[in-house]
Amino acid sequence: MSPVTDLAARPGARADRTMVTFSLGGELVAIPTAVLREVIEPGTITRVPNAPGFAAALINVRGMVVPLTDLRIPLRMPVRPPDVDTRILVLDLVLDDMPCVVGMLAELVHEVTEVTGTSLDDVPDVGARWPRHFVQAIGRKNGRFFIIPDLDAIFAYQLDGADRKTTSS
Amino acid sequence: MTNDADALFLVEARQLVESLEQGLLDLKSRPDDRALIDGVFRDLHTLKGTGAMFGQVELAQFLHDFESAFEAVREGRIPATPALINLGLKARDHVTTLLDGGPSGPGADLLADLQDLVTGAGDAAGVEAPDWSLTFHLAPDCLVLGARPQGLLDDLRSVGASGIEPVLGRLPDLRAMQADRLYIGWRMTLPSTLDEAAIRDVFLFNEEGLEFDLHRDGSAEPQPEEDPPAAMAAQPKGRERAMMRVPAERLDEMMDRVGELVIAEARLAEIAARLGDPNLVAVAEEIKRLATGMRETTMSIRMTPIGSITGRFRRLVHDLNDTLGKEIALEIAGEETELDKTVIEMLADPLMHLIRNAADHGLEPAADRRALGKPEAGTIRLSARYSGAEVVITLADDGRGLDTARIRARAEARGLVAADAELDEAAIRALILAPGFSTAEAVTELSGRGVGMDVVKRTVEQLRGSIDIDSEPGHGTQIHMRLPLTLAIIDGLLVEIAGERYTIPLAAVEHIIELPDEHATAGNRTRFLDIRDQLVPFLRMRDLLDSPGDPGPYQKVVVVTAGELRVGLTVDRIIGSSQTVIKQLSPLHASLKTFSGATVLGDGSVALILDVPQLVAFGQGRDSMEAA
């Protein structure tokens, strides 16, 4: 499986990137702006019955039907209903070797920020609430920590999980 | 030469090659069919002509002799023997090689073989055909439009015209004569070796208002009487329907635009209904009518008959006859059945694989067939027919059928199924579609190409179709593929279930009834309804979709069909029908069997489209659903 964020892959990707930060479950999360297409306000959200919690809904983004994903599920964060601050990040990803537009829920979008290599730490072995294999690194900015989720690993897990289910049926 | 022109030439050449192949294969079974002989000749001629025009000198030279050979056939000088047809097929393969930029070497051998054949046969019946006599008048106003009769006469001379003389019978009185009008016609003799189409080609740019009289000299010669009418009949057929070739991407783009138009139209209709302004409502209805027409036209452009890909199947079977040493007949029915072009294109490879499989594994060797009292020649039958909103394509053979015991043993050996699993015959047959399964004891040259039955299944499912297998030991195997007519836009029935809206493809809806009171409360997931003296199972959609809350008192049952099977779906409310632009679900939702796609509604929200064949199979208890 090719990396989900292929579109964003470039030399030194981990060391020096522009990221967008947003709140989820009381923590700060950052993803590279290179995969970010736009930020939209949530319109009508359509539930997808029997879908995994990570991608349990569909939204309409300018006429496209786009799955809405929720990082709080794989990162095991508390979930609360949407409010006035809720936004959707529209991302350009590569799923199953196909370019895909995916929506990602954010409780509150903060800012676009430069993340340099020196402010990145490896994931500590202890003291983290979220599954380690879904987190790429921990960043620090103005004294606050933020999580850089491993989108490749998270999406690969969801897609593989889906594959397993089909073949066993 | 631009790349565009090259590409265009290649597209055209490949179509001609395909048509040529088809013609040759048909000719094999009907060697006396004049229309077929004419068709083969025309294809060779056009192929040679376009080749020369686009600088494909090797191609043109190679084809020249074959063209002559089939001209001889056309004129009845030599018969269309199987040997000649086989050679023609080889020539066709060589042309493909040349088009792909391959070596021209093997062509010389083919030409030598051809020479032997033609001279051998030609001695038997060598009657020289009489020369052509041509009289023509151009349109009187053609000079104003830029015609140059002098150039035309030069062209005719270059193809061998002789004895050219003017026809002056139409010259008017000198006072009535207008300087810019053409009153003169010409008459001439043309060599017998030319064919009629070649002569007509000279007049390609002067057809408007052309009066044209072409016949063979000396009607006392044994010239077949039916020749001119047959040629005349073939001529207008080719001309009356003007065709245009368009890149496929433009059609896809157009389909996308129509999809957006349909969605915008639905929003407009909703706004108009809300505001209630009669003028606005009238305009919205007009636009709806136009959008519907637009949709239908665009879809019809994309519809392609299955016959457009059957040529390669005939060829495959023709070749398999030799490679396998079995005598195989391919019967094709329903070639006129149309499907969306994307569907057709994606089906070609899986069908090739199925045919190869049927020939290789399905049909017994001739000796075994004789021992079983079957005709020695095996039959593979490919048929296509409409069934509701679907097309059913069936590939059947009259071979040995599937050996379920062996399939099961193989599947267990491969770990595809547990040794103690309880499977009925249909479930065991379906195992041959599983990844990692191959029935061939020894992988043969033919079947071991990496395209497995699992690829066939996956392709059909990608097209939102389904595949199932029937087989009776000793009496062959039938593989049925059900495919949706189109992938882009359908008529949908919008329903509401627990405040959520879903779309059901309207073509699959048989009727809608009230849910009888005795079924109103939930019990088992599957129950039966008595509809017109038939027991129809029904699914409680609220349970299936894990919907919150309780259903209201007036539930409806939408009875849907897939093939011959029916199932009822309970819904809270029917909203109405609407044009539905199908959007594929992302890979994140690909494993959900309940839905075949999603669509954008008039208010901009998304509704899921229920997958009727899956629901029907589930309701009939033949398949397990993801939903727990």
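The values are calculated or read from the model by the stated rules, or taken from the named source; none is laboratory data. From a predicted model like this one, the values you see are computed outputs, not experimental measurements. Note that each Cβ is placed from the backbone with ideal geometry, even for glycine, and that neighbours are counted across all protein chains shown. Remember, those area values only see protein heavy atoms, side chains included, never the ligands or the DNA or RNA. Shrake-Rupley method; radii C 1.70, N 1.55, O 1.52, S 1.80 Å.
As an exercise: evaluate B:Gly499 against (1) touching a residue at least 12 places away in the same chain (Cβ under 8 Å); (2) in contact with a Leu (Cβ under 6 Å, 6 or more places away or on another chain); (3) over 30 Å from A:Asp96 (Cβ atoms) and give the number of the one condition it does not meet.
Of (1) touching a residue at least 12 places away in the same chain (Cβ under 8 Å); (2) in contact with a Leu (Cβ under 6 Å, 6 or more places away or on another chain); (3) over 30 Å from A:Asp96 (Cβ atoms), only one is false for B:Gly499: (2).
Within the range B:585-622, work out how many residues are within 8 Å of another protein chain (Cβ to nearest Cβ), modelled with pLDDT under 85 and either over 15 Å from A:Ile59 (Cβ atoms) or under 28 Å from the mean Cα position of the chain (by Cα) (or both).
The qualifying residues number 4.
Given (1) open to solvent by 20 Å² or more (accessible area, probe 1.4 Å); (2) farther than 30 Å from B:Glu331 by Cα; (3) free of Cβ contacts under 8 Å to residues at least 60 places away in the same chain, identify the lone condition not met by B:Ala72.
Evaluating B:Ala72 over (1) open to solvent by 20 Å² or more (accessible area, probe 1.4 Å); (2) farther than 30 Å from B:Glu331 by Cα; (3) free of Cβ contacts under 8 Å to residues at least 60 places away in the same chain leaves (1) as the failure.
Name, by its number, the condition in (1) buried (at least 22 other Cβ atoms within 10 Å of the Cβ); (2) within 29 Å of B:Glu260 (Cβ to Cβ); (3) not charged (D, E, K, R) that does not hold for B:Gly604.
(1)
Out of the range B:564-584, which residues are open to solvent by 10 Å² or more (accessible area, probe 1.4 Å) and away from chain A (no Cβ under 14 Å)?
B:Glu564, B:Leu565, B:Arg566, B:Asp572, B:Arg573, B:Ile574, B:Ile575, B:Gly576, B:Ser577, B:Ser578, B:Gln579
Only one of (1) more than 9 Å from every other protein chain (Cβ to nearest Cβ); (2) closer than 26 Å to A:Val112 by Cβ; (3) not basic (Lys, Arg) is not met by A:Asn60, so which one is it?
(1)
Restricting to the range B:394-435, and then to whatever is β-branched (Val, Ile, Thr) and in contact (Cβ under 8 Å) with a residue 24 or more places away in the chain, can you tell me which residue is farthest from the other protein chains (Cβ to nearest Cβ)? It would help to see each step written out before you state the result.
Quick first cut of the range B:394-435, residues β-branched (Val, Ile, Thr) only: B:394, B:404, B:407, B:417, B:428, B:432.
Next cut, in contact (Cβ under 8 Å) with a residue 24 or more places away in the chain only: B:394, B:404, B:407, B:428, B:432.
Working: B:Thr394: 25, B:Thr404: 21, B:Ile407: 18, B:Ile428: 16, B:Ile432: 15 Å.
Among those that are β-branched (Val, Ile, Thr) and in contact (Cβ under 8 Å) with a residue 24 or more places away in the chain, it is B:Thr394.
Restricting to the range A:19-49, name every residue that is open to solvent by 50 Å² or more (accessible area, probe 1.4 Å) and either within 10 Å of chain B (Cβ to nearest Cβ) or without any contact (Cβ under 8 Å) to a residue 60 or more places away in the chain (or both).
The answer is A:Gly26, A:Ala34, A:Glu41, A:Gly43, A:Thr44, A:Ile45, A:Arg47.
It is to be established whether one or more residues within the range B:525-538 are in contact with a helix residue (DSSP H, G or I) (Cβ under 8 Å, 6 or more places away or on another chain) and within 14 Å of chain A (Cβ to nearest Cβ). Walk me through how you get there before you give the answer.
Taking the range B:525-538 first, the residues in contact with a helix residue (DSSP H, G or I) (Cβ under 8 Å, 6 or more places away or on another chain) are B:525-527, B:529, B:537-538.
Still in the list and also within 14 Å of chain A (Cβ to nearest Cβ): B:525.
Checked against the condition, which is being in contact with a helix residue (DSSP H, G or I) (Cβ under 8 Å, 6 or more places away or on another chain) and within 14 Å of chain A (Cβ to nearest Cβ), the range B:525-538 yields at least one hit.
Any chance you could count how many residues in the range B:280-332 are part of a strand (DSSP E or B), open to solvent by less than 60 Å² (accessible area, probe 1.4 Å) and within 30 Å of B:Gly378 (Cα to Cα)?
6
With the requirement that a residue be open to solvent by less than 10 Å² (accessible area, probe 1.4 Å) and among the aliphatic types (A, V, I, L, M), what does the range B:376-396 give you?
Start the filter on the range B:376-396 by keeping residues that are open to solvent by less than 10 Å² (accessible area, probe 1.4 Å), which leaves B:378, B:380, B:382, B:391-393, B:395.
Scanning the range B:376-396 gives B:Ile380, B:Leu382, B:Val391, B:Val392, B:Ile393, B:Leu395.
Would you check if B:Gly373 is in the same structural domain as B:Pro473 (by TED's automatic domain parsing), assigned to a loop (DSSP other than H, G, I, E, B) and surrounded by fewer than 17 Cβ atoms within 10 Å (Cβ to Cβ)?
Yes, satisfied.
Please find, within the range A:63-87, the residue that is modelled with the lowest pLDDT out of those that are under 18 Å from B:Ser605 (Cα atoms) and within 13 Å of chain B (Cβ to nearest Cβ).
Restricting to residues being under 18 Å from B:Ser605 (Cα atoms) and within 13 Å of chain B (Cβ to nearest Cβ), the top hit is A:Gly63.
Sort out which residues of the range B:502-553 are at pLDDT 85 or above and hydroxyl-bearing (Ser, Thr, Tyr), and write them in order of number.
Passing the criteria: B:Tyr502, B:Thr503, B:Ser547.
Any idea which of (1) within 17 Å of B:Ile467 (Cβ to Cβ); (2) open to solvent by less than 10 Å² (accessible area, probe 1.4 Å); (3) not acidic (Asp, Glu) is the one B:Gly399 doesn't satisfy?
Answer for B:Gly399: the failing condition is (1).
Of everything in the range B:576-591, what is touching a strand residue (DSSP E or B) at 6+ places or on another chain (Cβ under 9 Å), more than 13 Å from B:Pro505 (Cβ to Cβ) and part of a loop (DSSP other than H, G, I, E, B)? Give them in sequence order.
B:Gln584, B:Leu585, B:Ser586
For residues that are part of a loop (DSSP other than H, G, I, E, B) and under 27 Å from A:Ile59 (Cβ atoms), scanning just the range B:539-550, find the one that is farthest from the other protein chains (Cβ to nearest Cβ).
B:Gly549
Conditions (1) of a type in the set (Ser, Thr, Tyr); (2) in a helix (DSSP H, G or I); (3) at pLDDT 80 or above; (4) closer than 26 Å to B:Ile199 by Cβ, marked per residue:
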site	(1), (2), (3), (4)
B:Leu24	no, yes, yes, yes
B:Gln61	no, yes, no, yes
B:Arg77	no, no, no, yes
B:Ile85	no, yes, yes, no
B:His94	no, yes, yes, no
